[in-house]
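The values are calculated or read from the model by the stated rules, or taken from the named source; none is laboratory data. It should be emphasised that the depicted structure is a prediction, and the values quoted were computed from it without experimental measurement. Positions of Cβ are generated from backbone atoms using ideal geometry, with glycine treated the same way; all protein chains shown enter the neighbour counts. Quick note on the areas: whole protein, heavy atoms, side chains included, nothing else; ligands and nucleic acids left out. Shrake-Rupley method; radii C 1.70, N 1.55, O 1.52, S 1.80 Å.
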Amino acid sequence: DESPYDFIRKRLSVLVAKNSTHLLVTKGALKNVLEVCSSVQCPNGAIADITPLLESIQQRYEEFGRQGFRTLGIACRDLGSTTNITKALEAEMTFFGFLLFADPPKTGITGTIYHLEDLGISLKIITGDNQRVATKIAQQIGMTSFDILTGSDLHQTSEVNIFAKVEPNQKERIILALKKAGNVVGYLGDGINDASAIHVADVGISVNSAVDVAKEAADIVLLEKDLEVLVQGVQEGRTTFANTLKYVFMATSANFGNMFSMAGVSLFLPFLPLLPKQILLTNLLTDFPEMTIATDSVDRDMVSKPRRWNIQFIRNFMLVFGLISSVFDYLTFGTLWFILHATPDQFRTGWFIESVISAAAIVLVIRTRKPFFKSQPSKYLLTTTLAIVAITSILPYIPVAGLLGLQPLPASFLSLLGVIVAIYMVTADQMKQIFYQRTKF
């Protein structure tokens, strides 16, 4: 017969038969095993009262814990001819000793934890083991400063790193508490008692050798027991997030600025500032550098700590840099119309060249928080940007120019447009430094 383990009794009992002897064998948490023991078997085989030896047993248990052993108690009782556990409650048993289990940390785990901390990810240990085992494990993996909270003290939850003697429902409570405190929580577990915590975590993680219920509850199942893959996953995720933001910043600020530029100048010019086919060509050419943003390199500060999607920050970025773009568009309009006295075709050609080149080049400014010349873009982004600048510059001078409504510009036009683009780049880069200093993200 068998009385299975549960998280209330914290014991497992089996009834075994050998010849005419029926033994009830119980193992489980030491405290819970001792609760049903009235005697102890001495090294010489004699049976003695357990009461005088309880303190000695507890001291041995604590010593095993300090050595990092997971320790269970084991006890027996001769039931005579009884063949059903329910007829013989777990009581009046004889304590036989300890079962010790060693589960050393995986090689290289200290370096992995350092990498996670370097990414702004704090490690917390939630274990059913006691405080002494949890402390030893923490020391083995390089944690030098930590607080420990046991499951019975969860109502006192604070900034602790290790939770010991925790039951499955308490693991779930810990995860929920961390989430309500504003953290994004990942939980890694492989046992039945981890399933509920895996399910409620923002990212539930298990391993291929875990029990089925843990794998089914997980969002990610690791094929190997190697936390270093999580470090790589976090880095890749933050790189993708950073590059996505670059595209969003570029698209929103450029479109916002172009809207004001096109709408405003149309009120004053006696002709269309750009022909429809020129607008479409502008959109096509400026899309190529933006398409390569996905391959761009990312500055260290963008992956060193977790970041969240912030609509307010994106809106402020759009307003500031969209208006800067619009200001230089109007500067271009004024230069072409009032200083250079451009014809309609020259005006359109001049704004087309300035608009495409500035939109392509400004990607190099927006892609980083640093001064743009201190952060190296990916070779694909840089190559594509230079190619678009070159193509845009020669378009008015090739046979297809007439079909596009473009015409060659005098050197004076090109010089002034080049100065405007250069000033725009420098201004945007300086405003970027001020913007990030005053705006947290």
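Calculated mean residue ellipticity, 222 nm, the chain: -15500 deg cm²/dmol, from DSSP H runs (n ≥ 4) at -39500 (n - 2.57) each, averaged per residue and rounded to 500. Taking every C-alpha pair closer than 8 Å and separated by at least 6 residues, the mean separation divided by the residue count of region 304-409 gives a relative contact order of 28 percent.
Shape call for region 309-389 from the C-alpha gyration tensor, a ≥ b ≥ c root eigenvalues: rounded (a/c under 1.5), prolate (a/b greater than b/c) or oblate? It is oblate, given that a/c is not under 1.5 and a/b is not larger than b/c.
Of all the accessible heavy-atom surface of the chain, with the other protein chains kept in place and a 1.4 Å probe, what percent is carbon and sulfur? Within the chain, the accessible surface is 59 percent carbon and sulfur.
Annotation: the antiparallel percentage among DSSP beta bridges lying fully within the chain is about 65. The mean accessible area for residues of region 365-441, using a 1.4 Å probe and ignoring ligands and nucleic acids, is 56 Å² per residue.
Look at the alpha carbon pairs under 8 Å that are at least 6 residues apart: their mean separation over the length of the chain gives a relative contact order of 10 percent. If a/c stays under 1.5 just call it rounded; otherwise compare a/b with b/c (prolate if a/b is bigger, oblate if not). Do that for region 2-66, with a ≥ b ≥ c from the square roots of the Cα gyration tensor eigenvalues. Verdict is oblate for region 2-66. A simple spin-label model places the labels of Asp202 and Trp309 1.3 nm from each other, with each point 7 Å out along Cα-to-Cβ.
In percent, rounded to a whole number, the relative contact order of region 192-322 is 27, using alpha-carbon pairs under 8 Å and six or more apart. Label-to-label distance for Gln437 and Val160 is 4.4 nm, based on points extended 7 Å past Cα in the beta-carbon direction. In a reduced charge model with +1 at each Lys and Arg Cβ and -1 at each Asp and Glu Cβ, region 251-350 shows a dipole moment near 300 debye about its Cα centre. Here region 1-65 and region 406-441 have alpha carbon centers that stand 80 Å from each other. The listed residues Thr107, Thr252 rank as Thr107, Thr252 when sorted by accessible area, largest first, using a 1.4 Å probe. Computed about the Cα centre, the dipole magnitude for region 27-104 is approximately 180 debye when only Lys and Arg (+1) and Asp and Glu (-1) carry charge, each at its Cβ. Under 25 Å of direct C-alpha separation, and excluding same-chain neighbours fewer than eight residues apart, Lys305 reaches these lysines: Lys124, Lys179, Lys180, Lys225, Lys246, Lys370, Lys374, Lys432, Lys440. For the chain, the Cβ-based charge dipole about the Cα centre amounts to some 920 debye (Lys, Arg positive; Asp, Glu negative; other atoms uncharged). Between the residues Phe321, Tyr424, Phe347, the greatest Cα displacement towards the positive end of the dipole of region 294-441, with unit charges on the Cβ of Lys, Arg, Asp and Glu, is found for Phe321. Nearest 10 degrees is fine. How inclined is helix 168-180 to the longest principal axis of the chain, computing both from alpha carbons? Long axis of 168-180 versus the principal axis of the chain: about 30 degrees. The listed residues Glu92, Glu216, once ranked by accessible area (1.4 Å probe) with the largest placed first, stand as Glu216, Glu92. The overall shape of the chain, judged from the alpha-carbon gyration tensor, is prolate: a/c is not under 1.5, and a/b is greater than b/c.
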